[in-house]
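One structure is given here, and the rest of the page talks about it.
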Amino acid sequence: MDEQDMPQRLVDAVIADFPDHAPGTRPAHTIGLGVTGYFRGSPIARDYCIAEHFQGHNVPVTVRFSNSSGSPVQHDGWSDARGMATRFHLQDDQATDLIAMTLREFFSPTPEDFLEFSKEARPRPVKPDPWWRKILDMLQLKPPNPDPYPGQNESGAPGSLDYANHHRSAQLAALDAAMLGAPVSYARATYNAVHTFIITAPDKTKRYVRFFWQPVAGVEVTDPTAPPVDDYLQGELRERLRDWPAEFLLLMAVGEGGDPLLDPTQAWPLHRSRVVMGMLKLIEIPADQETFCEKMSYNPGRMTRGLEMSDDPVLAARAQAYEVSRKMRGGSPCPFSKG
Amino acid sequence: MSGNSSWMNSLVNRMATSKFFNYLAGHVLVPYWAWRTPVYAQHGGPRATIPPGDNMQRMMNLILPLKDKTAVGRAKAALAIASNLDEIYAGLDNVGTVHFARFVIIENNMCMISSYDGDFSNYIRDFVAQLGTVFDSVVALIEGGDDMIPTKENIDAFINWVHDRDVYQIPDTATDLLRYGTIGHSAAKADGPDDLRLMPRALILQLHKNPNSLLGSGYRGYPGLSVAQIRHKMGLGW
Ligand code: HEM
């Protein structure tokens with residue numbers, strides 16, 4: 001019973017974390033921008049994976065960049081995770097999705113844990129710590145809590161931190177989240193697909209891998225001491241694409257025996273073998289954002305021949321939860337099916 | 001008195017980055033907390049782990065303080081290397097597990113910096129077998145090195161001596177810093193509660209014990225490959 005309810009409970013848990021969530025919109029990553037372009041597998045990608053998009057020809061893509069919050073209010077300049085969801089449009093109306101974010105790890109190793117985590121991460125009222133507490137912290141060599149942003153009255157961060165203090169699995173993500181900052185551009189951040197996937201090579205060798213997008217323009221965040229700007233990321237990308245495509249390298253880390261293959265809360269060492277799987281060129285921002293952004297529904301379980309989900313329990317739960325979410329908001333599974 | 005008086009708040013915010021507070025932190029708070037919550041100095045070099053990729057291109061950063069801290073002492077160290085170049089190159093080729101190695105003199109320290117494949121003890125053991133006399137001439141110039149000579153006859157003690165001088169490597173998984181524990185308290189508290197906001201202090205206290213450190217395990221342009229694989233794939237022969 002519980003098991004069957006899980007996808008709906010996960011979506012409800014996300015919605016509960018954003019009290020101003022607007023029905024009919026995404027419960028998380030609500031504000032975003034759809035972009036089109038193409039992906040081309042690198043000359044060696046096909047040696048690792050038989051999937052169609054790694055065979056070396058241009059594959060059309062639809063990408064949606066987003067701010068991770070489920071609130072309809074835009075705060076581009078706040079330090080927070082960003083999303084990059086990519087749909088590779090394959091032949092015969094087939095498609096595969098790769099959903100990534102700027103955090104390297106996730107907060108929960110299981111869907112059950114995520115329900116607990118999201119309860120604790122509900123927004124709490126925030127105000128600046130009193131000055132004497134800041135001094136006490138400093139005397140303990142503890143960085144004082146940052147003041148809320150101007151106009152910010154609530155935040156999920158204190159709850160996430162409390163949860164992480166009591167659940168070690170959430171600590172890397174909480175630490176990463178505390179240091180993220182805000183990107184100067186959606187095209188200047190590294191996005192991690194976090195979970196492990198299994199790829200099949202032409203000789204049928206299977207490998208456990210993790211994907212991430214690295215921006216060719218380099219990574220840069222805004223000045224954290226300057227007042228945050230609420231609305232600049234979409235305009236910046238429009239401006240950027242007027243001159244030149246935005247490019248990302250798709251990198252793939254290959255897991256080894258002993259690596260946490262099924263645990264999205266644990267990053268793999270940075271010195272794992274890293275393969276360049278291809279180059280993404282983002283060219284145009286379609287005028288029809290309703291079709292190419294709002295109605296689109298990406299799904300981390302949308303796989304294709306040669307590319308499988310690992311048994312990571314969060315990945316499996318997400319695949320179902322995103323479908324529940326799609327139905328709740330009337331999203332279409334594919335921009336061409338208008339389903 | 002309002003705890004939130006906004007001018008006081010902004011004064012305190014500014015204080016956090018002030019010269020005064022930096023001085024206080026470095027000269028008073030660090031020694032105080034180092035005394036109140038003493039930490040173990042962590043060993044140098046990479047941690048022992050199982051995945052093969054962790055055992056490739058490992059980083060060694062030996063810092064060996066010269067006995068003679070004048071230009072004459074530094075020149076002697078330079079000569080000890082220069083006059084043994086044939087031995088060093090032949091030794092490195094024969095050991096066969098070294099990607100890069102260099103000798104650097106920094107502030108009266110002879111630094112030996114390399115990336116190597118495999119186990120640290122075997123790496124040093126192989127070197128002593130190949131380069132014992134070169135090591136002897138270098139170690140003779142280093143503080144605390146006399147007891148190690150001849151290194152060929154003190155191999156195990158010498159391996160430990162070298163290991164102690166390889167710099168501490170801050171873990172890639174930063175939260176490991178919280179697991180070091182403090183002296184007198186068990187580090188093995190299975191599940192917290194922790195205080196993530198004390199991570200900076202954990203780092204500061206470890207760097208107080210270990211002033212030299214490698215930040216994370218370092219970048220590799222071709223991670224996961226051994227010297228042997230690269231030479232083979234590039235057609236460079238063996
Ligand atoms: C239990 C874990 C998670 C739950 C329950 C969850 C839930 C959701 C939901 C309900 C949506 C809206 C889907 C839609 O209506 O189309 C969403 C969107 C999104 N999620 Fe998650 N999420 C989880 C973990 C993750 C992880 C680990 C990542 C990063 C790899 C991620 C990245 C994203 C992104 C980028 C979007 C926006 C997709 C788009 O642009 O359409 N989420 N999430």
Taking the condition surrounded by fewer than 19 Cβ atoms within 10 Å (Cβ to Cβ) and either hydroxyl-bearing (Ser, Thr, Tyr) or modelled with pLDDT under 95 (or both), does A:Asp47 pass? no
Hits in region B:173-193 - residues which are facing chain A (nearest Cβ under 7 Å) and either at pLDDT 90 or above or part of a helix (DSSP H, G or I) (or both): B:Ala174, B:Thr175
From the options A:Ile50, A:Ile31, A:Ile15, residue that is of a type in the set (A, V, I, L, M, F, W, C) and more than 16 Å from the ligand (Cβ to nearest atom): A:Ile50
Might you check whether a residue that is out of contact with any strand residue (DSSP E or B) (no Cβ under 8 Å at 6 or more places or on another chain), without any contact (Cβ under 8 Å) to a residue 60 or more places away in the chain, within 30 Å of A:Val35 (Cβ to Cβ) and away from chain B (no Cβ under 14 Å) occurs anywhere in region A:76-92? yes
I'm checking my understanding of the structure. Among residues of region A:120-171 that are of a type in the set (Lys, Arg) and within 8 Å of chain B (Cβ to nearest Cβ), which one is least open to solvent (accessible area, probe 1.4 Å)? A:Lys134
Which one of these does A:Ser185 not meet: (1) in a loop (DSSP other than H, G, I, E, B); (2) within 10 Å of another protein chain (Cβ to nearest Cβ); (3) touching a helix residue (DSSP H, G or I) at 6+ places or on another chain (Cβ under 7 Å)? (2)
Would a scan of region A:303-313 turn up a residue that is open to solvent by 60 Å² or more (accessible area, probe 1.4 Å) and farther than 21 Å from A:Arg104 by Cα? yes
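Within region A:62-107, restricting attention to residues that are within 14 Å of the ligand (Cβ to nearest atom), in a loop (DSSP other than H, G, I, E, B) and acidic (Asp, Glu), which residue is nearest to A:Pro146 (Cα to Cα)?
Pass one, region A:62-107, residues within 14 Å of the ligand (Cβ to nearest atom): A:62-72, A:80-87, A:95, A:97-107.
Filter once more, so that each one left must be in a loop (DSSP other than H, G, I, E, B): A:68-72, A:80-81, A:102-107.
Add one more test, that the residue is acidic (Asp, Glu), and what stays is A:80, A:105.
Working: A:Asp80: 14, A:Glu105: 23 Å.
Among residues in region A:62-107 that are within 14 Å of the ligand (Cβ to nearest atom), in a loop (DSSP other than H, G, I, E, B) and acidic (Asp, Glu), the one nearest to A:Pro146 (Cα to Cα) is A:Asp80.
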Residues that are open to solvent by less than 70 Å² (accessible area, probe 1.4 Å), without any contact (Cβ under 8 Å) to a residue 60 or more places away in the chain and assigned to a helix (DSSP H, G or I), drawn from region B:87-122: B:Ile88, B:Ala90, B:Gly91, B:Leu92, B:Val95, B:Ser121
When A:Met296 is evaluated against the numbered criteria (1) within 27 Å of A:Gly37 (Cα to Cα); (2) within 14 Å of chain B (Cβ to nearest Cβ); (3) under 19 Å from the mean Cα position of the chain (by Cα), which criterion, by number, is the only one it fails? (2)
Looking at region B:204-216, which of its residues are in contact with a helix residue (DSSP H, G or I) (Cβ under 8 Å, 6 or more places away or on another chain) and within 14 Å of chain A (Cβ to nearest Cβ)? B:Ile204, B:Leu205, B:Gln206, B:His208
Qualifying positions in region A:275-287 - on the phi < 0 side of the Ramachandran plot and either touching a Phe, Trp or Tyr at 6+ places or on another chain (Cβ under 8 Å) or at pLDDT below 95 (or both): A:Val275, A:Met277, A:Met279, A:Leu280, A:Lys281, A:Leu282, A:Ile283, A:Pro286
Against the condition at pLDDT 95 or above, of a type outside the set (Lys, Arg) and in contact with a Phe, Trp or Tyr (Cβ under 7 Å, 6 or more places away or on another chain), how does B:Met148 come out, does it pass? no
Restricting attention to region B:22-45, which residues are of a type in the set (Val, Ile, Thr) and within 11 Å of chain A (Cβ to nearest Cβ)? B:Val28, B:Val30, B:Thr37
Being modelled with pLDDT under 90 and either open to solvent by 60 Å² or more (accessible area, probe 1.4 Å) or away from chain A (no Cβ under 11 Å) (or both), is that true of even one residue in region B:62-84? no
It is to be established whether one or more residues within region B:46-54 are open to solvent by 20 Å² or more (accessible area, probe 1.4 Å), within 14 Å of chain A (Cβ to nearest Cβ), within 30 Å of B:Asp172 (Cβ to Cβ) and in a helix (DSSP H, G or I). yes
Out of all the residues in region A:15-38, is one or more part of a helix (DSSP H, G or I), open to solvent by 30 Å² or more (accessible area, probe 1.4 Å), touching a Lys or Arg at 6+ places or on another chain (Cβ under 9 Å) and over 25 Å from A:Met252 (Cβ atoms)? yes
Residue count, region B:11-21, condition more than 9 Å from every other protein chain (Cβ to nearest Cβ) and in a helix (DSSP H, G or I), comes to 3
Scanning for something of a type in the set (Lys, Arg) and either part of a strand (DSSP E or B) or open to solvent by 70 Å² or more (accessible area, probe 1.4 Å) (or both), does region B:219-228 turn up at least one residue? no
Please specify each residue of region A:292-326 satisfying the condition of being more than 13 Å from the ligand (Cβ to nearest atom) and not in a loop (DSSP other than H, G, I, E, B). A:Thr304, A:Leu307, A:Glu308
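Among the strands (runs of 3 or more DSSP E) lying completely within region A:193-289, list those that include at least 2 residues that are among the aliphatic types (A, V, I, L, M) and open to solvent by 20 Å² or more (accessible area, probe 1.4 Å). Before you say what the answer is, go through the steps one by one.
Values: elements: A:197-200, A:206-215, A:246-254, A:274-284.
The strands (runs of 3 or more DSSP E) meeting that bar are A:246-254, A:274-284.
The values are calculated or read from the model by the stated rules, or taken from the named source; none is laboratory data. Small disclaimer: the values here were computed from a predicted structure and weren't measured. As a convention, Cβ positions derive from the backbone with ideal geometry for all residues, glycine included, and neighbour counts pool all protein chains shown. What goes into the accessible areas is simple: the full protein's heavy atoms, side chains included, and nothing from ligands, DNA or RNA. Shrake-Rupley method; radii C 1.70, N 1.55, O 1.52, S 1.80 Å.
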